[in-house]
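Below is one structure, written out as structure tokens, with a few remarks after it.
The values are calculated or read from the model by the stated rules, or taken from the named source; none is laboratory data. If you're wondering where the values come from, they're calculated on a predicted model, not measured in any experiment. Cβ coordinates were reconstructed from backbone atoms using ideal geometry, including for glycine residues, and neighbour counts include every protein chain displayed. With ligands, DNA and RNA removed, areas are computed over all heavy atoms of the protein, side chains included. Shrake-Rupley method; radii C 1.70, N 1.55, O 1.52, S 1.80 Å.
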Amino acid sequence: QSQISPHFLSNSLFFAKNMIAVDDKQAATDMIMNLAAYFRYITKLEHTMTTLREELALIENYLTIQNLRIQRFHYEIDVPEAMMELQIPRLLIQPIVENAIVHGVEKSEKYGIILISGEERDGEYRVTIDDNGQGVTEETVKSLRIRTAEPLDQENGCGVWNVHQRLSYQYDTQAGLTFEVSSLGGLRVVVHWPSDPERQTEGEG
């Protein structure tokens, strides 16, 4: 929550101001409503856990905001209904999606694609985030694996590092993030944790 980018907020408000100036009330209203819902969620302090459904609703708010601004990417969310009421740590998936926007879509000249999917397989729940951003090499993937396993420093991305460490703390050392080259041409990040509740530690519960 403390890592919210002031640029994200200022850019969103500037967009709403511009839409009002050109009398596009619908776009301004969409921005303000999604921004309000987004900040209402991320500033809640009373609970450390949420449902996957609520986290995905936040991601919808975030992606709608960014698409109003950028207007050059498409996203799809395909998560089974059976997973929607799973309890997960809050702000678990949003930082990964934000990373896909900032380092994938915004840094690429081509039309962006972000796919978010979920499944239960091999004793794990998995949420996969794919993007078609800048070409990702195996060296980049290897570097991400190393950085998320190392102690936090000023050069590491706090959001991704925090997600990996929180998963390891909440569940066990088998939970966390894995990185691959996406079939879309960008990065694939898999958020995974055990489906057996007995493997969950006391952690953030």
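Answer yes or no as to whether THR51 is under 24 Å from ASP196 (Cα atoms) and not basic (Lys, Arg).
yes
If you take the residues of segment 56-65 that are open to solvent by less than 10 Å² (accessible area, probe 1.4 Å) and touching a Phe, Trp or Tyr at 6+ places or on another chain (Cβ under 8 Å), which of them is farthest from ASN132 (Cα to Cα)?
Checking each candidate, the answer is LEU58.
Can you give me the number of residues within segment 178-194 that are in contact with a Ser or Thr (Cβ under 6 Å, 6 or more places away or on another chain) and not β-branched (Val, Ile, Thr)?
Quick first cut of segment 178-194, residues in contact with a Ser or Thr (Cβ under 6 Å, 6 or more places away or on another chain) only: 188, 190.
Now restrict to residues that are not β-branched (Val, Ile, Thr): 188.
Total meeting the criteria: 1.
Quick check on my filter: what residues within segment 159-202 are loosely packed, with under 15 Cβ neighbours inside 10 Å and modelled with pLDDT under 65?
Selection gives PRO197, GLU198, ARG199, THR201, GLU202.
Find the residue count for segment 67-85, including only residues that are without any contact (Cβ under 8 Å) to a residue 24 or more places away in the chain and open to solvent by less than 50 Å² (accessible area, probe 1.4 Å).
Qualifying residue count, segment 67-85: 1.
Counting only residues that are closer than 16 Å to GLN87 by Cα and β-branched (Val, Ile, Thr), which one in segment 33-50 is most open to solvent (accessible area, probe 1.4 Å)?
THR48
Go through (1) over 17 Å from the mean Cα position of the chain (by Cα); (2) open to solvent by 80 Å² or more (accessible area, probe 1.4 Å) and name the single condition ARG53 misses.
Status for ARG53: all satisfied but (1).
Looking at (1) β-branched (Val, Ile, Thr); (2) touching an Asp or Glu at 6+ places or on another chain (Cβ under 8 Å); (3) within 26 Å of ALA16 (Cα to Cα); (4) open to solvent by less than 50 Å² (accessible area, probe 1.4 Å), which is the only condition ILE113 fails?
ILE113 satisfies every listed condition except (4).
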